[in-house]
């Protein structure tokens with residue numbers, strides 16, 4: 001299936017000069033959404049993954065059903081102040097600003113095998129921050145899986161030798 005043909009490109013969003021790749025047009029296609037989840041499930045089924053960690057908020061769209069299909073736990077990484085218990089937090093830079101992410105301190109146990117899932121790999125800041133959080137908790141990162149990768153932004157370079165899988169690439 002040609003997934004790229006189902007992604008809407010929105011110029012100047014969220015600010016001038018940014019080309020936004022809108023995956024909602026792909027997700028509303030039932031066959032494409034099912035096929036994406038089936039492909040990810042097949043790729044990671046025998047990897048011994050115990051937790052799917054997904055990044056707010058579009059990462060939840062893929063991470064939750066993938067956790068269900070793999071029979072793993074699901075862990076959300078969220079903006080500060082959104083999680084009710086004790087958290088670890090990391091600050092980082094985005095391509096258009098600075099922000100931070102948080103994870104519950106008890107979300108991942110030492111040695112648990114983790115798959116990080118998000119919708120987009122751009123500059124790698126968000127993914128690298130999540131890698132930092134998982135390592136801080138003692139988790140073992142099996143891989144990072146993305147629906148879309150903007151290869152021209154070289155986000156993989158920030159992921160310190162982690163295995164990275166992206167389903168759709170823009171070079």
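The values are calculated or read from the model by the stated rules, or taken from the named source; none is laboratory data. In this text the structure is predicted, and so the values were computed from the model without any measurement. Glycine gets a Cβ as well: all are built from the backbone with ideal geometry, and neighbour counts include every protein chain shown.
Would you please list the contacts, defined by Cβ atoms under 9 Å and residues six or more apart or on different chains, that run from a residue in the range 7-19 that is closer than 24 Å to residue 32 by Cβ to a residue that is loosely packed, with under 10 Cβ neighbours inside 10 Å?
Once the first residue is closer than 24 Å to residue 32 by Cβ and sits in the range 7-19, its partners that are loosely packed, with under 10 Cβ neighbours inside 10 Å give 11/17; 19/11.
Given the conditions (1) touching a strand residue (DSSP E or B) at 6+ places or on another chain (Cβ under 6 Å); (2) assigned to a loop (DSSP other than H, G, I, E, B); (3) within 27 Å of residue 134 (Cβ to Cβ), report the number of the one that residue 81 does not fulfil.
(1)
With (1) touching a residue at least 24 places away in the same chain (Cβ under 8 Å); (2) touching a helix residue (DSSP H, G or I) at 6+ places or on another chain (Cβ under 8 Å) as the list, and residue 59 as the residue in question, which single condition is left unmet?
All conditions pass for residue 59, except number (2).
Just one of (1) surrounded by fewer than 20 Cβ atoms within 10 Å (Cβ to Cβ); (2) over 13 Å from the mean Cα position of the chain (by Cα); (3) not in a loop (DSSP other than H, G, I, E, B) trips up residue 109, so point out which.
Among (1) surrounded by fewer than 20 Cβ atoms within 10 Å (Cβ to Cβ); (2) over 13 Å from the mean Cα position of the chain (by Cα); (3) not in a loop (DSSP other than H, G, I, E, B), the lone unmet condition for residue 109 is (3).
Report yes if some residue within the range 8-26 is in contact with a helix residue (DSSP H, G or I) (Cβ under 6 Å, 6 or more places away or on another chain), surrounded by fewer than 19 Cβ atoms within 10 Å (Cβ to Cβ) and over 27 Å from residue 97 (Cα atoms); otherwise report no.
For the range 8-26, residues in contact with a helix residue (DSSP H, G or I) (Cβ under 6 Å, 6 or more places away or on another chain), surrounded by fewer than 19 Cβ atoms within 10 Å (Cβ to Cβ) and over 27 Å from residue 97 (Cα atoms): absent.
Go through (1) farther than 17 Å from residue 126 by Cβ; (2) surrounded by 15 or more Cβ atoms within 10 Å (Cβ to Cβ) for residue 52 and report which single condition fails.
With (1) farther than 17 Å from residue 126 by Cβ; (2) surrounded by 15 or more Cβ atoms within 10 Å (Cβ to Cβ) applied to residue 52, the lone miss is (1).
Only residues that are modelled with pLDDT of 95 or more, assigned to a loop (DSSP other than H, G, I, E, B) and under 20 Å from residue 60 (Cα atoms): list them for the range 115-162, please.
Hit for the range 115-162 is 139, nothing else.
Filter the range 68-88 for residues that are under 17 Å from the mean Cα position of the chain (by Cα) and within 18 Å of residue 138 (Cβ to Cβ); which is surrounded by the fewest Cβ atoms within 10 Å (Cβ to Cβ)?
Ranking the candidates gives 73 first.
Taking the range 112-145 only, how many residues are surrounded by fewer than 17 Cβ atoms within 10 Å (Cβ to Cβ) and either farther than 23 Å from residue 37 by Cα or free of Cβ contacts under 8 Å to residues at least 12 places away in the same chain (or both)?
Result for the range 112-145: 4.
Would you pick out the residues in the range 20-34 that are part of a loop (DSSP other than H, G, I, E, B) and in contact (Cβ under 8 Å) with a residue 60 or more places away in the chain?
Matches in the range 20-34: 23 only.
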